[in-house]
Amino acid sequence: MYKLCYYPWLTQNVPQPEIASQINIFARLIEVELKSLGNSTDQIEVLPPLSVPDQITRIIDGSVDIALMNPLGFVFARQKTGNVEAVAIAKRIIDGKVGIVYYAQLYAHRKSAIRKLSDAVGKSIGYGHSYSTSNFLIPAFMLKNAGIHPLFAFDRIEFLKGHEIVAKAVYEGKVELGAGHDGVIIDLARQPEYGDAEDVLIQIARSEPIPSDPVALTVQDPTERENLKKAIVAAGSTAAGIEALKIFWGNTQGLDPTTTDFYTVLSDALTALKLSQEDLVR
């Protein structure tokens with residue numbers, strides 16, 4: 001029996017029961033693929049959603065086998081234990097193409113005076129979760145690289161706990177600069193009462209490519225791990241698997257194989273900002 005865990009904000013605007021239902025469908029597809037590889041008795045138990053800190057704890061103590069993770073959560077887990085490996089990566093539609101990277105952005109209201117990052121100094125900024133890759137870490141890294149301190153350069157900082165919440169705050173003038181993934185403005189425009197978001201909000205800066213969300217394994221036997229990796233990627237390539245992924249994981253278009261080394265860019269950003277898990281995860 002393998003135990004599969006996931007974090008609750010895998011996607012926006014999908015009810016938790018629907019997310020759980022679709023992940024269970026995906027788990028059954030992995031079981032089918034394992035059976036085709038000769039593992040006829042293996043089953044996957046989908047656990048209730050775990051916060052990112054709880055995911056990391058469960059990975060460290062070895063009480064989960066498969067984890068659907070956000071990139072920064074994976075990096076933190078990897079820093080604590082070598083017994084976790086990234087084996088698959090979510091494919092997303094970015095700039096109209098399916099790929100395994102995405103981007104962070106900093107954005108503002110069109111009516112504001114902010115047109116470049118230096119214009120935001122002394123104003124207010126909204127981040128999401130402190131342990132989010134594109135809702136905090138990479139935008140903070142972008143600001144640092146622009147010579148702007150991601151905390152002390154602003155008159156007011158708010159951690160608003162989510163991409164959509166930050167976007168609404170910028171739209172409504174509650175904060176002047178927002179941090180989020182590159183699709184957050186488009187996502188907001190799909191919500192009632194925010195249909196003009198793509199006209200109201202403007203991108204000020206976009207990051208370098210960020211590796212997409214990983215599927216991580218704590219299974220240590222090399223043969224067992226390789227078979228599970230194959231089954232997960234294969235399940236994510238079936239029509240039913242892709243449909244489930246689209247619903248429960250932010251319109252993911254399938255899974256590709258990946259490696260732990262692909263996430264080094266995030267470790268480098270943490271080092272540059274002198275941040276640790278203890279600083280960001282509460």
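Summary table below
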quantity	calculated
Shape metrics for segment 192-282, restricted to C-alpha atoms - Rg then Dmax, Å	18.0, 52
Convex hull volume of segment 7-158 per residue (C-alpha atoms, cubic angstrom)	162 Å³
Computed magnitude of the charge dipole of segment 1-102 (debye, nearest 20; Cβ of K, R +1, Cβ of D, E -1)	240 debye
Debye intensity ratio I(q)/I(0), log10, segment 98-164, q values 0.20, 0.26 Å⁻¹ (C-alpha model)	-0.83, -1.30
Per-selection metrics, segment 51-96 (Cα): Rg and Dmax in Å	11.8, 40
Trypsin sites (Lys or Arg not before Pro) restricted to segment 95-145 and DSSP loop, no more than 13 other C-beta within 10 Å	ARG110, LYS111, ARG115, LYS116
At 1.567 mPa s and 4 °C, Stokes diffusion of the chain via Kirkwood alpha-carbon radius, µm² per second	67 µm²/s
Translational D in µm²/s for segment 188-230 (Stokes-Einstein at 25 °C, 0.890 mPa s, Kirkwood Rh from C-alpha pairs)	166 µm²/s
Reachable lysines, given that their alpha-carbon falls under 18 Å from the alpha-carbon of LYS161 and they are not under 8 places away in the same chain	LYS174
Within straight-line cross-link reach of LYS97, aspartates and glutamates at Cα separation under 20 Å, skipping those fewer than 8 residues along the same chain	ASP182, ASP187, GLU198, GLU208, ASP213, GLU243, ASP256
Which of MET1, MET142 has the fewest Cβ neighbours within 10 Å, and the rest in rising order	MET1, MET142
Estimated [θ] at 222 nm from DSSP helical runs (n ≥ 4, -39500 (n - 2.57)) normalised by residues in the chain, nearest 500	-11000 deg cm²/dmol
Reach of LYS168 by Cα under 20 Å, taken over lysines that are not fewer than 8 positions away in the same chain	LYS111, LYS123
Cα-only radius of gyration and Dmax that characterise segment 104-206, units Å	12.0, 37
Those chymotrypsin sites (Phe, Trp or Tyr not before Pro) in segment 78-186 that DSSP places in a loop and that have at most 15 other beta carbons within 10 Å	PHE152
Euclidean distance of C-alpha centroids, segment 29-72 and segment 76-155, integer Å	27 Å
Sparse-neighbour loop sites [GluC sites (Glu not before Pro); segment 134-222; at most 13 other C-beta within 10 Å; DSSP]	GLU172, GLU193
Relative contact order, percent, segment 104-206 [alpha-carbon distance under 8 Å, six or more residues apart]	42 percent
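None of the figures in this text is laboratory data; all of them are computed from the coordinates on show. None of the values given here were measured: they were computed from a predicted structure. Note that we place each Cβ from the backbone using ideal geometry, even for glycine, and neighbour counts take in every protein chain shown.
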